[in-house]
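Notes to accompany the following structure.
Any read-out appearing in this document is the output of simple, stated calculations on the displayed coordinates, not a laboratory observation. Just so it is clear, the model here is predicted, and its values are computed rather than measured. Glycine gets a Cβ as well: all are built from the backbone with ideal geometry, and neighbour counts include every protein chain shown.
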Amino acid sequence: MKKLIILLIVFSSISFAQLINPKLVLQQNEYDFGDVVQGEVVSHVFVLSNSGGDLLTISKVRPSCGCTAAMPENTELKPGESTNLNVSFNSTGRMGAQKKLVRIETNDPESPQQIITIKANVVVEGTKIQANPVLNFSETQYDFGTIEEGKVVEHTFKFQNSGKATLNIDDIKTSCGCTAALVSNKKIGPGEEGTLKVELDTKNRKGKMSRTITITSNDPKQPTKILTVYADIKQ
């Protein structure tokens, strides 16, 4: 009986710590740029979130190489908040397979350091590169702010096919029936743009909430993209 009580106390302490401490969550911890022509500078946006119960502070972001740069939009995240981390890679003077690391240091007591990995294959100009679609969103999150319970709010995300082949949007899923998403066109040509309208129904909801929209496409490097919307519902 005593052992059971001790185990319950330990388990409760761990659960309570997870609730009150900040916690860094990476929606994605690796990205492959694929073939990159030598001299090009390419970039990718990673999303960092605080799923804990206290303020998350990003103290350092350290790339493993001078050819890589990384800068978060915000260094302090309240519970439930997210920020974009733009990571760029300069391929000048590089050749062949590349693998670079970005170390993120925070006040998350369980994982004070997390690592993001970027990869690329640097080729000389003139090398034949396979034509692929590339799905790029100008933003991956949106905060509706404080809204009254019962209202339906909407936001339109913009995206572009920055690749050299037709982009096909295969599927769109929302994490909740209270969220709906409508894409302007499921087939986007190279260089063309599209929109994704997201509606959030706050009926019977209260407090802070976040919902995700998962987009699946034929982008070979990143077939799944995740968008996040936030709201603080007041009754």
Next item on the list: Take every Cα-Cα distance within segment 135-234, group them into 5 Å bins from 0 onward, and report for each bin the whole-number percent of pairs it holds.
Entry: 3, 13, 25, 22, 15, 10, 7, 4, 1, 0
Note to self: Can you give me the Kirkwood hydrodynamic radius for segment 37-168, using every pair of distinct Cα atoms, in Å to one decimal?
What the structure shows: 17.4 Å
Checklist line | Helix 2-20 axis, angle to the chain major axis (alpha carbon atoms, nearest 10°) | finding: 50 degrees
Check: Using the 10 angstrom Cβ neighbour count as an exposure proxy, how do Thr146, Thr106 rank, fewest first?
Finding: Thr146, Thr106
Next item on the list: Could you estimate the translational diffusion coefficient of segment 32-72 from the Stokes-Einstein equation, with Rh from the Kirkwood formula over C-alpha pairs, at 10 °C and 1.306 mPa s, in whole µm²/s?
Entry: 120 µm²/s
Note to self: Strictly over 22 Å apart at the Cα level, which of Lys99/Lys221; Lys173/Lys221; Lys119/Lys187; Lys186/Lys206; Lys164/Lys197; Lys119/Lys173 would you flag in this model?
What the structure shows: Lys119/Lys187; Lys186/Lys206; Lys164/Lys197; Lys119/Lys173
Checklist line | Pairs of alpha carbons in the chain whose separation is greater than 27 Å (percent) | finding: 46 percent
Item checked: 10 Å Cβ shell holding at most 10 others, DSSP loop, trypsin sites (Lys or Arg not before Pro): longest site-free stretch of the chain -> 1-127
Check: According to a simple spin-label model (label point 7 Å from Cα along Cα-to-Cβ), what is the distance in nm between Phe137 and Met71?
Finding: 2.3 nm
Next item on the list: At 0.36 nm per residue, minus the direct Cα-Cα distance, what do Asp32 and Lys197 gain on full extension? Give it in nm, one decimal, please.
Entry: 56.6 nm
Margin query: 7 Å from Cα along Cα→Cβ at both Ile115 and Thr127: what's the point-to-point distance in nm?
Written below: 2.5 nm
Next item on the list: Calculate the dipole size of the chain relative to its Cα centre from +1 charges on Lys and Arg beta carbons and -1 charges on Asp and Glu beta carbons; express the result in debye to the nearest 20.
Entry: 540 debye
Margin query: Of the candidates Leu167, Leu200, Leu182, which one comes out as most mobile in a Gaussian network treatment of the chain with C-alpha springs shorter than 10 Å?
Written below: Leu182
Check: Which of Ile118, Cys67, Leu77 sits farthest toward the positive end of the charge dipole of segment 26-123, with +1 on the Cβ of Lys and Arg and -1 on the Cβ of Asp and Glu?
Finding: Cys67
